[in-house]
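Visitor: One structure coming up, written as structure tokens, with questions to follow.
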Amino acid sequence: MLAHMSGPDIHDGFPAEFWRSQEILLLKNVMGLVGRGLDLDGVLREVVHLLSELLGLNRARIILRDPEGDVYRIRHAYGLTTAEITRGVYRLGEGITGTALKNRHLIIVQDIDREPLFLGRAVLRAHLPPEKVAFIAMPIDLGHNRVGLIACHRLRHRNRNLSDDIMILQIISTLIGQLMKLGDRVEEQTRALHEHNQLLENALENATMRYGIIGTSPALLKAIAELEGVSHASSSVLLCGAAGTGKELFARALHMASPRRAQPFVRVNCAAIPENAFETELFGHERGAFPGARTRRTGQLEQAHTGTLFLDEVGELPLAMQGRLLHVFEQGTFTRVGTALARRIDIRVVSATSQNLRKRVEMGLFRYDLFYHLNVIPITLPTLAARREDIPLLCSHFLSQFNQRHERNISLSRSAVDLLTEQDWPGHIRQLSNVIERVVLLAPQPVMAARDLRAFLHDSTQSVPLQAVQGERAYRPYLSASSHSKEELLHALRLNGGNKSRTAQQLGMTARQLHYRLKLFDVA
Ligand SMILES: Nc1ncnc2c1ncn2[C@@H]1O[C@H](COP(=O)(O)OP(=O)(O)OP(=O)(O)O)[C@@H](O)[C@H]1O
């Protein structure tokens, strides 16, 4: 509690013990403020207030250098009007304040009416008590640096020693100097940290935005760093990860980060090519190579010449094709079907698998020599559950993508984003993206709350069996030909933009199984 003695100027006859307790109260209050935090402005405001209220050092003001110019101005004051504060601007050497600032010496004016140097600039004489008024100007220094000044009026004749006021002002000015030094240091360090943080953020943003890969989780950044580390080499890269973790996105990013970025990127979806079509798809054929080959066809290997060949779901390559591809990679040549002429080819091979390829080698389903050829640099993509912190960012990315595509304006409440962040996402990013697309298309109101979202989540795990996308544990259970209704198939196709191999994968069946079912329903 402050002893409340507001009023212009204290000049009554309190005993010395009273003043001692007032001084202690003032210092206790100021220290309490300092202890609560480093809000320097708050401390300074309170200092001038307490000097006046507790000790009768009236119209106390703290004058600091104006950061914009070569003058000093009143920054904190108590008992001064706004106009008085505005007038309180001083050059070094100007009046008592300017002189104390310039020489960095304490100046005590015993009687302002008899001091020709006293300007009376801020507070006009007429606004002061008619008695003899003293003025104290105490510099605030920091070592050899001039920081500013604390000044106040005081009735000349008081029942309190002037030297006691000077001592208190001395303590306060030292404290202010130290606080300012500390404040400067904290500000400097905060600025340095902020700049460093900004640099890191920019670096992250550039790294991820450059490739369209959203997320800043450590697991994702590790995979991106691995990608960037090998982007300039031409060694084969094997991307491992469950379906929907972003393998294709990474393969494209690898291509874009490589010196081959201006050359073709050719994706071969090994899971979608019928076994008997592989050879011509990959190697191409000459005109007349076989009945029906009316024109020459350029195969995917040749299309990828000088660029990147992306073998997606490479584990699905038929054994015979594995041998032929290995030969191409080892020799650096290929031959079109229907000719014996070997042509040179320069490709970088990036493959992806959601299966355990090593296990397939052990089972005799994948050639070990091809496996070692493809697996020079393995990069494992994290599951979505391993990068949960990226989910809010991915949500806003997909929301804006689908809102734009479907000309809607749906958003998710915080609780909805939290709910999405808690899910397990066995279908990873693709499943998340599907849920958000459904939300955008079907949301009953513009802002989706968690309770409304549950139905969409339930729907996502019920109607889209995602067993096939569980990486190492991937297996395809037997699905009867009537496993899905026509509507479910069409819905899944729509969600995958008509891409049948992706739809098949998502539904946990092969591309051939999907074709068969669509045919049953008369869907082309
Ligand atoms: N980090 C990411 N940021 C933004 N979008 C992503 C990210 N990872 C994946 N996606 C998106 O999620 C979807 C699935 O990714 P992608 O097709 O690359 O996965 P995949 O592992 O190749 O799956 P599949 O093996 O089933 O083809 C794509 O639409 C892709 O653009």
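The values are calculated or read from the model by the stated rules, or taken from the named source; none is laboratory data. Just so you know, these numbers come straight off a predicted model, no measurement behind them. Don't worry about glycine lacking a Cβ; one is built from the backbone with ideal geometry, like all the others, and counts go over all protein chains shown. Side chains are part of the model used for accessible areas, which takes the heavy atoms of the whole protein and leaves out ligands, DNA and RNA. Shrake-Rupley method; radii C 1.70, N 1.55, O 1.52, S 1.80 Å.
Visitor: Answer yes or no: is there a residue in the range 447-467 that is within 15 Å of the ligand (Cβ to nearest atom), modelled with pLDDT of 90 or more and surrounded by 20 or more Cβ atoms within 10 Å (Cβ to Cβ).
Guide: no
Visitor: Right, here's the next one. Go through (1) within 16 Å of the ligand (Cβ to nearest atom); (2) at pLDDT below 90; (3) not aromatic (F, W, Y) for A340 and report which single condition fails.
Guide: Condition (1) is where A340 drops out.
Visitor: Can you tell me which residues in the range 420-436 are touching a residue at least 40 places away in the same chain (Cβ under 8 Å) and either within 12 Å of the ligand (Cβ to nearest atom) or more than 21 Å from R502 (Cβ to Cβ) (or both)?
Guide: If the condition is that a residue be touching a residue at least 40 places away in the same chain (Cβ under 8 Å) and either within 12 Å of the ligand (Cβ to nearest atom) or more than 21 Å from R502 (Cβ to Cβ) (or both), then W425, G427, H428, I429, R430, Q431, L432, N434, I436 are the ones that fit.
Visitor: To continue, here is another question. Take the range 131-145 and flag every residue that is part of a strand (DSSP E or B) and under 15 Å from L57 (Cα atoms).
Guide: Listed by number, the residues that qualify are V133, A134, F135, I136, A137, M138.
Visitor: While we're here: Going through the range 264-289 one residue at a time, which ones are open to solvent by 80 Å² or more (accessible area, probe 1.4 Å) and either hydrophobic (A, V, I, L, M, F, W, C) or part of a loop (DSSP other than H, G, I, E, B) (or both)?
Guide: Correct list: R287 only.
Visitor: With the checklist (1) touching a strand residue (DSSP E or B) at 6+ places or on another chain (Cβ under 7 Å); (2) in a helix (DSSP H, G or I); (3) within 12 Å of the ligand (Cβ to nearest atom) in hand, flag the one item V328 doesn't pass.
Guide: Against the list (1) touching a strand residue (DSSP E or B) at 6+ places or on another chain (Cβ under 7 Å); (2) in a helix (DSSP H, G or I); (3) within 12 Å of the ligand (Cβ to nearest atom), V328 comes up short only on (3).
Visitor: So which residues in the range 172-226 are of a type in the set (S, T, N, Q), at pLDDT 85 or above and open to solvent by less than 30 Å² (accessible area, probe 1.4 Å), if there are any at all?
Guide: Correct list: S173, S217.
Visitor: Across the range 375-385, which residue is nearest to the ligand (Cβ to nearest atom) among those that are closer than 15 Å to Q431 by Cβ and either surrounded by fewer than 19 Cβ atoms within 10 Å (Cβ to Cβ) or among the hydroxyl-bearing types (S, T, Y) (or both)?
Guide: Only one residue fits best here, namely T383.
Visitor: Here are some conditions: (1) within 16 Å of the ligand (Cβ to nearest atom); (2) at pLDDT below 90. V440 meets all but one. Which one does it not meet?
Guide: Evaluating V440 over (1) within 16 Å of the ligand (Cβ to nearest atom); (2) at pLDDT below 90 leaves (2) as the failure.
Visitor: If K102 passes every condition in (1) touching a Ser or Thr at 6+ places or on another chain (Cβ under 7 Å); (2) part of a helix (DSSP H, G or I) but one, which one does it miss?
Guide: All conditions pass for K102, except number (1).
Visitor: Within the range 343-374, which residues are open to solvent by 60 Å² or more (accessible area, probe 1.4 Å) and of a type in the set (A, V, I, L, M)?
Guide: Across the range 343-374, the qualifying residues are M363, L365.
Visitor: To continue, here is another question. For the range 228-255, which positions are more than 14 Å from the ligand (Cβ to nearest atom), part of a helix (DSSP H, G or I) and touching a strand residue (DSSP E or B) at 6+ places or on another chain (Cβ under 6 Å)?
Guide: Listed by number, the list holds a single entry, V230.
Visitor: State all residues of the range 227-238 that are open to solvent by less than 40 Å² (accessible area, probe 1.4 Å) and either of a type in the set (F, W, Y) or under 26 Å from the mean Cα position of the chain (by Cα) (or both); if no residue qualifies, say none.
Guide: Listed by number, the residues that qualify are L227, V230, S231.
Visitor: If you go through the range 301-319 one residue at a time, do you hit one that is open to solvent by less than 30 Å² (accessible area, probe 1.4 Å) and over 30 Å from L227 (Cβ atoms)? Steps first, answer last, please.
Guide: Applying the first criterion (open to solvent by less than 30 Å² (accessible area, probe 1.4 Å)) to the range 301-319 yields 301, 304, 307-315, 317-318.
Okay, now just the ones that are also over 30 Å from L227 (Cβ atoms), so none.
For the range 301-319, residues open to solvent by less than 30 Å² (accessible area, probe 1.4 Å) and over 30 Å from L227 (Cβ atoms): absent.
Visitor: Return yes when S480 is more than 15 Å from the ligand (Cβ to nearest atom) and modelled with pLDDT of 85 or more and no when it is not.
Guide: no
Visitor: Taking the range 290-300, which residues are within 24 Å of S236 (Cβ to Cβ) and open to solvent by 50 Å² or more (accessible area, probe 1.4 Å)?
Guide: Step one: of the range 290-300, the residues within 24 Å of S236 (Cβ to Cβ) are 298-300.
Correct list: T298 only.
Visitor: How many residues are out of contact with any strand residue (DSSP E or B) (no Cβ under 6 Å at 6 or more places or on another chain), under 19 Å from V48 (Cα atoms) and not in a loop (DSSP other than H, G, I, E, B) if we restrict to the range 80-96? Walk me through it before giving the result.
Guide: Within the range 80-96, the first condition is being out of contact with any strand residue (DSSP E or B) (no Cβ under 6 Å at 6 or more places or on another chain), and the residues that meet it are 81-84, 86-87, 91-95.
The next check asks that each one be under 19 Å from V48 (Cα atoms); those that pass are 81-84, 86-87.
After this cut, where a residue has to be not in a loop (DSSP other than H, G, I, E, B) as well, the list is 82-84, 86-87.
Counting residues in the range 80-96 that are out of contact with any strand residue (DSSP E or B) (no Cβ under 6 Å at 6 or more places or on another chain), under 19 Å from V48 (Cα atoms) and not in a loop (DSSP other than H, G, I, E, B) gives 5.
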